[in-house]
Amino acid sequence: MTLHLANRVLETLENHGFEAYYVGGCVRDWLLSRPVHDIDICTNAHPGDVIRLFPDHVPTGLKHGTVSVRIEGQFFEVTTYRTEGKYEDYRRPADVQFVSDLRLDLERRDFTMNAMAMNRMKELQDPFGGQADMAARLVRAVGQPLERFREDALRLLRAVRFAAQLGFAIEARTLAAMSETASLLAHIAVERVREELNKMLGSQAPQIGCDLINETELFGYSPVLQRLFRDSASQFWRSAHVNSLPQKWALLFYAAQFTSEEAIAACQLLRMSKRETEAIGFFVEQLRHLQPEWDQPKPLEWGQLLLEAGWEKCEQLAQLLLACWWNQQPQAMLASLSEQYHAMPVKTMKELAITGLDLQLALQKKPGEWIVHVLRTLLRQAALHGLPNTPHDLIEAAKKEVAQDEH
Ligand code: ATP
Ligand code: MG
């Protein structure tokens, strides 16, 4: 569906005398029969021509020759053939020049499998042998690998991530150049590093990525990340059994024997969101806590956790435990946990039949921290110990609780 819309972009450009090709990741993924998620188009038309031919557009990166063209609500990035000037900061070229030769545009791209273009007739332009490398399952730098990694050090991690996503090896000279230039990764913004690591962890074969990181000493500049990938690598294959990124990160930290505090500090180093950091810290803490005695889910312990962390986090924690301790029956265990959760007559403070204000009035006490403390105790008793969730029973239980505290 999308392809026929994209074809219209190519057709319009060709009908006006320009060349137009699909290029980069979409060609690679199409040839590998993998899902294509974004379609990039390159052309010898200048951005001004593209804008003129496609009135419905957004000039997303005019300086770099990119115009986003919209066809029936779908966006396609159309980029003028270009070469890149001298690189600054080991990441970005200082400037770009538009050129008329497709080969020059392909030459600036990182790996041979990403340096192919295909026209509407499915004719392939592959000047650097990308197809042969894909058949041999190899990631190979275009041109001189040392130069290419020195220009842009993010390519070091892109190579690792593609190897993990596709299950490819890295070609020998490319790999040697990666070891040689590894320290340049320190110049790359931590957000970019994190995004590539996320893609690697989310891939089919994260252990390939971990092994490559260790082999090339990619994180030699960061003691924390170096330790994480060095000490977790052999166990990380287990992550195949969990789905979400926080779970995968937690497993990695756990395998490398990070404490939850160390894991949280590492998440902060990678500038992860507060939400992700909290979830990862929770998983690592529980994995370490439950490890020595893990056998069967203990009703009371899970009950507390279900109340404190909610269903979603507990379900993910259970999946993590199953990934770590093989001998459990996953379906049976998750089903029993779910049953326990659904059997709890109340699950949150909001569901209690009284509010903090009711408590305050009934007990004739000034507002203060005691309210949350008492509500929490009532919730636990109502959820796990059979205290009926009625105003009368809750108030009576609250009175006892407060009297006990005051003694
Ligand atoms: P993904 O599946 O992650 O989208 P991709 O190869 O499409 O992989 P993009 O970041 O979308 O990656 O980039 C599109 C294309 O631009 C690449 O296929 C490659 O040709 C080129 N490219 C992207 N980043 C770089 C880079 N750092 N150095 C050289 N070429 C790059
Ligand atoms: Mg892409």
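Ignoring GluC sites (Glu not before Pro) that are buried or in helix or strand per DSSP, and keeping those with at most 13 other beta carbon atoms within 10 Å, what is the longest stretch of the chain between them? Intermediate results must be reported in sequence, preceding the final value.
Working: sites that count: 72, 123, 369.
In short, 124-368.
About its Cα centre, how strong a charge dipole does the chain have in debye, to the nearest 20, once Lys and Arg get +1 and Asp and Glu get -1 at the Cβ? Could the numbers behind the result be given before it?
Numbers: 44 positive and 53 negative charges, 19 e Å.
Computed about the Cα centre, the dipole is about 80 debye.
By how many degrees, 0 to 90 and rounded to 10, does the Cα axis of helix 172-181 deviate from the longest principal axis of the chain?
Roughly 60 degrees, rounded to the nearest 10.
Longest segment of the chain with no trypsin sites (Lys or Arg not before Pro) in a DSSP loop having at most 10 other Cβ atoms within 10 Å?
Values: sites that count: 86, 122.
Answer from the scan: 123-407.
Within 14 Å, Cβ to Cβ, of residue 97, how many net charges do the neighbouring residues add up to if Lys/Arg are +1 and Asp/Glu are -1?
Numbers: positive: 63, 82, 86, 108; negative: 84, 95, 101, 105, 107.
Its environment carries a net charge of -1.
Going down the list 347/399; 274/399; 313/400, which pairs span over 31 Å between their C-alpha atoms? Don't skip to the answer; put the middle values down first.
On the way: 347/399 22 Å; 274/399 38 Å; 313/400 33 Å.
Going by Cα-Cα distance, 274/399; 313/400 fall outside the 31 Å limit.
Treating the angle as unsigned and between 0 and 90°, give the value, to the nearest 10°, between the Cα long axis of helix 245-255 and the longest Cα principal axis of the chain.
The helix 245-255 is inclined about 80 degrees to the chain.
Using only DSSP helix segments of four residues or longer, with each worth -39500 (n - 2.57), what per-residue ellipticity at 222 nm results for the chain after dividing by its residue count and rounding to 500?
Values: 19 runs with 220 residues, N = 407.
Helix contribution divided over all residues of the chain: -16500 deg cm²/dmol.
Any chance you could check the Cα centroid distance between the stretch 363-407 and the stretch 61-84 for me, in angstrom?
Using only Cα atoms, the two centres lie 62 Å from each other.
Can you give me the angle between helix 274-290 and the longest principal axis of the chain, using Cα atoms only, in degrees from 0 to 90, rounded to the nearest 10?
The helix 274-290 is inclined about 60 degrees to the chain.
I need 149, 283 ordered by Cβ neighbour count within 10 Å, fewest first.
Details: 149 24, 283 28.
Fewest-to-most ranking of 149, 283: 149, 283.
Report the net charge of residues surrounding residue 176, where surrounding means a beta-carbon distance below 15 angstrom and charges are Lys +1, Arg +1, Asp -1, Glu -1. Please list the in-between numbers first.
Working: positive: 140, 148, 150, 155, 173; negative: 147, 171, 180, 215, 217.
Counting the neighbours of residue 176, the net charge comes to 0.
How large is the charge dipole for the stretch 96-207, taken about the Cα centre, if only the Cβ atoms of Lys, Arg (+1) and Asp, Glu (-1) carry charge, to the nearest 20 debye?
Magnitude of the dipole: close to 240 debye.
A short reminder: the numbers here are calculations on the coordinates, not readings from a lab. Please read all numbers here as calculations on a predicted model, not as lab measurements. So basically every Cβ, Gly included, is an ideal-geometry build from the backbone, and we count neighbours across all protein chains shown.
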